[in-house]
Amino acid sequence: MALSTAPCGDASAPVKPTTPLISFLQRLQSAALSTLGPDGFDPKLYVDLPLKTDLAATEEAFARLPRPGGVIPVSDLDRFLGDYFGEAGSDLVHTEPEDFVAEPEGFLPKVENPKVRAWALEVHSLWKNLTRRVSDEVRRRPERHTLLPLPGPVVVPGSRFREVYYWDSYWTIRGLLASKMYDTAKSIVNNLISLIDIYGFALNGARTYYTNRSEPPLLSSMVFEIYKRTDDLAFVKKSLPSLLKEHSFWNSDIHKVIIQDLQGCKHSVSRYYAMWNKPRPETATIDVESASKLISASQKEIFYRQVASTAESGWDFSSRWMSNSSDLTTLATTSIIPVDLNAFIYKMELDIAFLAKLIEDNSTSEKFLAASKARQAAMKSIFWNPEMEQWLDYWLISKSNCEEIYKWEAHFQNHHIFASNFIPLWIETNNKDLCKDGTMVEKVLKSLQSSGLLHAAGIATSLSNTGQQWDFPNGWAPLQHMIVEGLANSGSEEAKSVAEDIAIRWIRTNYAAYTKTGAMHEKYDVETCGKIGGGGEYKPQTGFGWSNGVVLAFLEEFGWPRDREIDCQ
Ligand SMILES: OC[C@H]1O[C@H](O[C@H]2O[C@H](CO)[C@@H](O)[C@H](O)[C@H]2O)[C@H](O)[C@@H](O)[C@@H]1O
């Protein structure tokens, strides 16, 4: 039996074109690696460099550089970089968000402890460091930049992530809403809408090298949360057409798969599938190295597609997507129907139904309510596992690679435990359907408690320590937030108290790491309070958009009493 990599094989799957600038910057990246060696080398830096002059002149100067033994000397490379490029990130200009105030009225009213309040205000003030606007030069000469000219102010995750990221933006917005920065939150959504207008979907990030894939689709959730705080119907009206476009992107062509369940019902579900089969430009030197053990060009192309599709999942990389967790070349993401992606699309359908109704577009509302019911049925038939009492990813395993309809078989559910197995809680409890069945919440809660995922400093991503960043012992802010919010909204007092306990542990670890290092981090090690995460293909990053957002959202929801200790216990 074979893993299915595309409805009719990867060879026929689409590939988006690249640009001459990206191709050149990739050559520069590879030359820089030869000059500088792998220690501390970050390939992304090179594809983020803005050109000072035209590409043709830059390429000519690059060709003229001396290369004794095939390698450009450090001093020549440095001079060339200084003469022909601006600093990476200089095409985004720091800008003070207009709606920022040092202590907004009504800020985190339930945070009574003075130490925690002072820290929360520092985290709040980090929005000033992370807010930027695209420089006029990018608009004037877009061909000299890999940065995309987004119209409004942007909030970036931080450090090497110098540009906007799609799913990160949801938790950034949750934090901005706690910070009462409604205009900045709306600007983030308007920027994403501008990308959907141009490309038909929200890109992984706002760079030309991210135009071949998306990221977990949370735009409807962003619009929904902003509406809840602002009652802005004009904003809803403006956003709705883009939400419809995005829904069709995830439910057509390569992203769509039909699975027939044991009762003979057919379910339309979605998967990650990048439109790319070459090394990712931002990590090309690493991807080429990872692919080096593969022999044929077509094996390499299939591997590169899996790598890019995994980046589309936001979980790059994780044993979740590999058939052998110690071998990255066994990534099989396009053959997996992910439980969280389908939960996000289920939520998108509920959100669209709700938002369309607000603006009296009743036919769209009814259509999406029906779509949400169909997805809810799929969540139950395809992903729910009654023995484990969790939702599991489903692997497409078939006799041929060209099935039009896959027949569901129980043993194709992935029985390994990942935090994603609990993400449907977030949607089901918001939808209140799960809450109607009190015993269901209890079952999922017990399953989470005995899963091995709960640790001293939060929820682990998985149980396998593979060295990949989306595996044990790393904990990520978005995963903590969705599971905690799902438990907290479930209507069960016990689930609510578990949610609060996880949130407290997460806040403490963020606080301890901040006090030690002076920064908020991209990921944390859930085994030890105050320890930052590691692993993966780049150095741990600081800043950090979604971590700041989740801390502020947790403090807003649960508060912090005067007499509760903030230090690690
Ligand atoms: O450069 C390597 C990869 O970096 C990104 O992924 C990680 O950071 C993103 C920003 O915080 C986050 O959205 C993602 O979940 C992380 O795994 C990027 O999104 C990848 O496409 C890229 O290849």
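Starting from the Kirkwood radius over alpha-carbon pairs of the stretch 342-381, derive D by Stokes-Einstein at 20 °C in a medium of 1.002 mPa s and give it in µm² s⁻¹. Write out the running numbers ahead of the final one.
On the way: Rh = 9.8 Å.
After rounding, the answer is 219 µm²/s.
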(request) Determine, at each q value in 0.19, 0.24, 0.27, 0.33 (inverse angstroms), the log₁₀ of I(q)/I(0) that the Debye formula gives when each Cα of the stretch 236-279 is one equal point scatterer. (result) -0.72, -0.85, -0.92, -1.07
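What's the magnitude of the charge dipole for the chain around its Cα centre, counting Lys and Arg as +1 and Asp and Glu as -1 at the beta-carbon? Answer in Debye, nearest 20.
Numbers: 59 positive and 71 negative charges, 115 e Å.
For this selection, approximately 560 debye.
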(request) Would you give the gap between the C-alpha center of the stretch 461-477 and the C-alpha center of the stretch 266-335, rounded to a whole Å? (result) 18
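Using Stokes-Einstein with the Kirkwood hydrodynamic radius over Cα pairs, what translational diffusion coefficient do you get for the stretch 189-293 at 37 °C and a viscosity of 0.692 mPa s, in µm²/s rounded to a whole number?
Numbers: Rh = 16.0 Å.
Answer from the Stokes-Einstein relation: 205 µm²/s.
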(message) Suppose we keep just the alpha-carbon trace of the stretch 229-342; what are its Rg and Dmax in angstrom?
(response) 17.6, 57
(message) Counting just the Cα atoms, what span does the stretch 313-418 cover along each of its three principal axes? Round to the nearest Å and put the largest first.
(response) 52, 31, 28
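Multiplying the sequence separation of Ser298 and Lys373 by 0.36 nm and subtracting their Cα-Cα distance, what value in nm do you get? Could you put the intermediate results ahead of the total?
Numbers: separation 75, 0.36 × 75 = 27.00 nm, distance 4.01 nm.
This chain segment gains 23.0 nm when fully extended.
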(message) Less than 12 Å apart at the alpha-carbon level, and either on another chain or at least 8 residues along: which aspartates and glutamates does that give for Lys516?
(response) Asp567
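Ordered by packing density, taken as the mean number of other Cβ atoms within 10 Å over each peptide's residues, highest first, how do 533-542, 119-128 rank?
Values: 533-542: 16.8, 119-128: 19.1.
Highest-to-lowest ranking by the protection proxy: 119-128, 533-542.
Return one quarter of the surface area of the convex hull spanned by the alpha-carbon atoms of the stretch 487-569, equal to its mean projected area, in nm².
That works out to 6.3 nm², a quarter of the Cα hull's surface.
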(request) Grab the other residues whose beta carbon is less than 12 angstrom from that of Asn421, score K and R as +1, D and E as -1, and report the net. (result) -2
(request) Neighbouring Cβ atoms within 10 Å as the yardstick, rank Glu428, Glu387 fewest first. (result) Glu387, Glu428
(request) Starting from the exponent 0.38 and prefactor 2.2 Å, build the expected Rg for the stretch 321-361 from its residue count and divide its actual Cα Rg by it. (result) 1.89
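What does the convex hull of the alpha-carbon atoms of the stretch 411-561 project to on average, in nm²? Provide the component values of the computation, followed by the final result.
Numbers: hull surface 38.2 nm².
Convex hull of Cα atoms, orientation-averaged projection: 9.6 nm².
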(message) Once R0 is set to 60 Å, what does the formula 1/(1 + (r/R0)^6) return for the Cβ-Cβ distance between Ser23 and Asp563, expressed as a FRET efficiency to the nearest 0.05?
(response) 0.50
(request) For a footprinting-style exposure proxy, rank Arg562, Arg375, Arg144 by other Cβ within 10 Å, fewest first. (result) Arg562, Arg144, Arg375
(request) Starting from the Cα of Lys237, move 7 Å in the Cα-to-Cβ direction to define the label point; list residues of the stretch 345-370 whose amide nitrogen is under 17 Å from there. (result) 355-365
(message) At 0.692 mPa s and 37 °C, plugging the Kirkwood radius over alpha-carbon pairs of the stretch 1-146 into Stokes-Einstein gives what diffusion coefficient in µm²/s?
(response) 168
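Run the numbers for Lys16 and Arg67: contour at 0.36 nm per residue of separation, minus the present Cα-Cα distance, in nm.
Numbers: separation 51, 0.36 × 51 = 18.36 nm, distance 3.30 nm.
Gain on stretching Lys16 to Arg67: 15.1 nm.
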(request) Please arrange Phe544, Phe383 by counting, for each residue, the other beta carbons lying within 10 Å of its beta carbon, fewest first. (result) Phe383, Phe544
(request) Beta carbons within 10 angstrom, averaged per residue: use that to sort the peptides 280-290, 204-214, 443-453, highest first. (result) 204-214, 280-290, 443-453
(request) Helix by helix through the chain, keep the DSSP H runs that span 30 Å or more along the axis on Cα and average at least -1.0 on Kyte-Doolittle, and give those back in order. (result) 493-517
(request) Calculate, axis by axis, the spread of Cα positions in the stretch 118-268 along the three principal axes, and write the results as whole Å, longest axis first. (result) 57, 40, 30
(request) Could you give log10 I(q)/I(0) at q = 0.10 Å⁻¹ for the chain, computed by the Debye formula over C-alpha point scatterers of equal weight, without solvent? (result) -0.85
(request) As a check on your grasp of the helix formula, calculate [θ] at 222 nm for the chain: sum -39500 (n - 2.57) over DSSP H runs of n ≥ 4, divide by the residue count, round to the nearest 500. (result) -14500 deg cm²/dmol
(message) Which lysines, if any, have their Cα less than 20 Å from the Cα of Lys380, not counting same-chain residues under 8 positions apart?
(response) Lys256, Lys266, Lys347, Lys407, Lys432, Lys436, Lys443, Lys446
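Based on the Cα coordinates of the stretch 87-151, what is the per residue volume of their convex hull in Å³? Walk me through the intermediate numbers first.
Numbers: hull volume 6.9 nm³, N = 65.
Cα-based convex hull of the stretch 87-151, divided per residue, equals 106 Å³.
Just so you know, all these numbers are worked out from the coordinates, no wet-lab data involved. Predicted, not measured: the structure shown is a model, and the values here were computed from it. We place every Cβ from the backbone using ideal geometry, glycine too, and count neighbours over all the protein chains shown.
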